[in-house]
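The values are calculated or read from the model by the stated rules, or taken from the named source; none is laboratory data. Treat the numbers as computed from the prediction; the structure is a model and nothing was measured. When we count neighbours, we look across all protein chains shown, and the Cβ atoms used for this are built from the backbone with ideal geometry, even at glycine. Please note that ligands, DNA and RNA were not included when accessible areas were found on the heavy atoms of the full protein model with its side chains. Shrake-Rupley method; radii C 1.70, N 1.55, O 1.52, S 1.80 Å.
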Amino acid sequence: MIQQNTRIDVATRGKGLYEITNKVERWLDSCGIKAGLLTVFIQHTSASLTIQENADRDVIADLNDFFGRIAPEDNRLYRHTIEGPDDMPAHIRSALTATQLSIPIVDSRMVLGTWQGLYVFEHRALAHQRHVVLHAIGE
Amino acid sequence: MIQQNTRIDVATRGKGLYEITNKVERWLDSCGIKAGLLTVFIQHTSASLTIQENADRDVIADLNDFFGRIAPEDNRLYRHTIEGPDDMPAHIRSALTATQLSIPIVDSRMVLGTWQGLYVFEHRALAHQRHVVLHAIGE
Amino acid sequence: MIQQNTRIDVATRGKGLYEITNKVERWLDSCGIKAGLLTVFIQHTSASLTIQENADRDVIADLNDFFGRIAPEDNRLYRHTIEGPDDMPAHIRSALTATQLSIPIVDSRMVLGTWQGLYVFEHRALAHQRHVVLHAIGE
């Protein structure tokens, strides 16, 4: 049994989903693990992870809109407003989605379904450099 | 340290929660792993996983209702409507719950609490065959 | 490759977030694992886990308020009311957050970001003793 880890940086340009499937696959290819478990962990509380449909871009746009409705930018709703009107909604959106995802590895690949893509979900209005830690264990 | 993986299929009959605890336990029994980590991964973006109360069926019904209210079937809210009024809500419901769950194994069993059951959460209106990948590592 | 597991108990005093980062770090220190994967699993369906900002206490209060708004205590909304008006909302809040979190271990530490803290999120109104299982694998 072996394990590997790395950190990848993801440049975001405001609220929305940024696909990282290929980036993660490329790293996994370099690990030489045929069967095992891959874990993706984002080191932030105002950006998160999600696995979503990778086919129709409208799904991604609708998803972003939904989170805008459920956690609106409205300072009257929050105590924590000093980092801007988008910051507290960003923490809520992060809590509602995933900070970590683990995906089994079979035949040297993540077992993502046909329509599944792996995304960083940026919840802040401005561009950020996001750090994502990858860990793989197996043989 | 050893590992095993498999795929189980879960037949659903429309929106709601379908318990898979026994199915997963039976597979785990066959693995011969006394201590370790079990990972459950669903290969879809319109059905998801959740660990919920396994005692009162009303909890399961109320949970399904809640997700119907929070992500209503209303085409005016979404761009992505070509797969039917239940499809975009299904993606949202999936994003709000889990695509993956990992559960420690102690004494050859998942350490589920007394009231915890493992469920596939179907978010589409029609019946589907859902694929769930299981991975166990340990010794 | 080695692995360890334990159970920690967390005393809560009603709805809100209770940080367990230090408790988990202390246990991890005792494991002697330099690189690997740590999994945190809560054995309940009316309390959950989340990774959130550890700096401004207002974030934590706002987060708790948000979940109060999204899943209100209102018996007219639910079938499952026999365990009190806070019980069904607690199950919903649990489904929306995490029952399990896995965090890579690098240089003998969880790779939490600077502002990330690990929390038990209590969703019931009264004090509870919550059980959290920890599992670490690595070398």
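Sorted shortest first, the distances from the A:Gly32 label point to those of the same residue in the other copies are 2.7, 2.7 nm; each point sits 7 Å from Cα along Cα-to-Cβ. Please report the base-10 log of the normalised intensity I(q)/I(0) for the range A:35-79, using a Debye sum with one equal scatterer per alpha carbon and no solvent, at each q in 0.15, 0.26, 0.32 (1/Å). Log-scaled intensity ratios, in q order: -0.62, -1.05, -1.13. Any chance you could look up the accessible area of B:Trp27 with a 1.4 Å probe, heavy atoms only, rounded to 10 Å²? Its accessible surface works out to 40 Å², give or take rounding.
Remark: the range B:45-139 carries 34 Å² of accessible area per residue (probe radius 1.4 Å; ligands, DNA and RNA excluded). Counts of other chain beta carbons within 10 angstrom of each beta carbon in peptide B:83-93 average 3. Over what distance in Å are the Cα centres of the range C:108-139 and the range A:37-58 separated? If we compute the Cα centre of each part, the gap is 21 Å. For the protein assembly as shown, the tally of Lys pairs with Cα-Cα distances below 21 Å comes to 6, considering only residues 8 or more apart or on different chains. For the peptide B:53-61, the mean number of other protein chain Cβ atoms found within 10 angstrom of a residue's Cβ is 5. Computed across the range C:92-139, the Kirkwood hydrodynamic radius from all distinct Cα-Cα pairs reaches 13.4 Å.
Keeping the other protein chains in place, figure out the carbon and sulfur percent of the accessible area of chain B, with a 1.4 Å probe. The C+S portion of the solvent-accessible surface of chain B is 46 percent.
Here is how far apart the C:Gln129 label points are across copies: 4.8, 4.8 nm, shortest first, using a point 7 Å from Cα toward Cβ. Averaged over the residues of A:4-10, the number of partner chain Cβ atoms lying within 10 Å of the residue Cβ comes to 2.
With R₀ fixed at 25 Å, the C-beta to C-beta distance from B:Ala11 to A:Ser108 puts the FRET efficiency at about 0.25. With N as its number of residues, the protein assembly as shown has a Cα radius of gyration that, divided by 2.2 N^0.38 Å, comes to 0.90. Each residue was assigned an accessible area with a 1.4 Å probe, and for B:Asp29 the value is about 110 Å². At B:Pro72, with labels set 7 Å past Cα in the Cβ direction, how many nm apart are the copies from this one, shortest first? Result, one decimal in nm: 1.5, 1.5. Relative contact order of chain A, taken over Cα pairs closer than 8 Å and 6 or more residues apart, is 56 percent. Of the two radii for the range B:66-114, the radius of gyration is 1.26 times the Kirkwood radius, both from the alpha carbons; that is the Rg over Rh value.
When the alpha-carbon atoms of the range C:1-48 are used, the pair Rg, Dmax equals 12.7, 40 angstrom. Helical runs assigned H by DSSP (4 residues or longer) give chain B a calculated mean residue ellipticity at 222 nm of -8000 deg cm²/dmol, each run adding -39500 (n - 2.57) before division by the residue total. Rounded to the nearest 10 degrees, the inclination of helix B:57-70 to the longest alpha-carbon principal axis of chain B is 50 degrees. Going from the chain on its own to the full set of protein chains, the range A:107-133 has these residues losing 30 Å² or more of accessible surface (heavy atoms, 1.4 Å probe, no ligands, DNA or RNA): A:Val111, A:Gln116, A:Val133.
Orientation-averaged projection of chain B equals 8.3 nm² [convex hull of Cα atoms, one quarter of hull surface area]. Annotation: C:Ile2 carries an accessible surface of approximately 70 Å², with a 1.4 Å probe and no ligand, DNA or RNA atoms counted. Measuring from each Cβ of chain C to the axis carrying C onto B, the nearest residue and its distance in whole Å come out as C:Met1, 3.
Buried surface for the B/A pair, taken as the accessible area of each chain alone minus that of the pair with a 1.4 Å probe, is close to 2600 Å² in total.
Give me the angle, in degrees from 0 to 90, between the Cα long axis of helix A:87-96 and the longest principal axis of the Cα atoms of chain A, rounded to the nearest 10. Between helix and principal axis, roughly 40 degrees.
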